[in-house]
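Student: I'd like to ask you about the structure that follows.
The values are calculated or read from the model by the stated rules, or taken from the named source; none is laboratory data. Note that the structure is predicted; figures quoted are calculated from it, not measured. Using ideal geometry, Cβ is built from the backbone for each residue, glycine included, and neighbour counts are taken over all protein chains shown.
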Amino acid sequence: MIRRTFLIAAAVVAVVPIAALSQQQPLPVVHAFPDARFVGFAQTVNDFEIQSGQMALQKSQNELVRSYATHTIKEYTENAQSLAKNRTEAGVTMAPDEEVRKIADDAMTRLNALSGAEFDTAYADAQLRVQRAASTQYGAYSQNGNNGNLRRHAERMWPEIKEMLEAAQKLQGSR
């Protein structure tokens, strides 16, 4: 069996030019949400980060989790205030983003049911998932968003969100 696998692998390498194996695939293009959906997405992320952070401060004894939660509450409270101001100035309504809402609701339900190390692990996993989505969409909107006020908001917030993503990766890696 091992010999057959090796022979198949050798045959594939012989057929596929080495240059083709070394070429990188282009990164997928992420399109910015329409304005109202971006607002709904951003508000859902803000709400989740603040609520899950408050829950972490109540349930976790892990200093890394507590420190991360404190930081996310601060950052996303500021983000929510900036979003509200820019949304009002732009005159944009909020359309819910059902995809991120489901992720946030499912994560909060799971977090509510856990405690101790299980909570810490689930919290870190949820943070990483939401931070990845936030970084992707804020990056896309900061580059391709239609509304000037909201685009400037995304441009200002994206560096902090990328930092939060890095922190979430470290938090998840510490589990």
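Student: Within segment 43-54, which residues are without any contact (Cβ under 8 Å) to a residue 40 or more places away in the chain and within 15 Å of the chain's Cα centre (by Cα)? Show your work before the answer.
Tutor: Of segment 43-54, the ones without any contact (Cβ under 8 Å) to a residue 40 or more places away in the chain are 46, 50, 53-54.
Across segment 43-54, the qualifying residues are Asn46, Ile50, Gly53.
Student: Could you look through segment 55-69, keep only residues that are part of a helix (DSSP H, G or I) and polar (S, T, N, Q), and pick out the one that is farthest from the chain's Cα centre (by Cα)?
Tutor: Among them, the one singled out is Gln58.
Student: Would you confirm, using the coordinates I've provided, whether Ala133 is closer than 20 Å to Ser67 by Cα and touching a residue at least 40 places away in the same chain (Cβ under 8 Å)?
Tutor: Spelling it out, it is not the case that Ala133 is closer than 20 Å to Ser67 by Cα and touching a residue at least 40 places away in the same chain (Cβ under 8 Å).
Student: Same structure, new question: From (1) more than 21 Å from Pro159 (Cα to Cα); (2) of a type outside the set (Ser, Thr, Tyr); (3) surrounded by fewer than 16 Cβ atoms within 10 Å (Cβ to Cβ); (4) modelled with pLDDT of 95 or more, pick out the condition that doesn't hold for Lys74.
Tutor: Answer for Lys74: the failing condition is (1).
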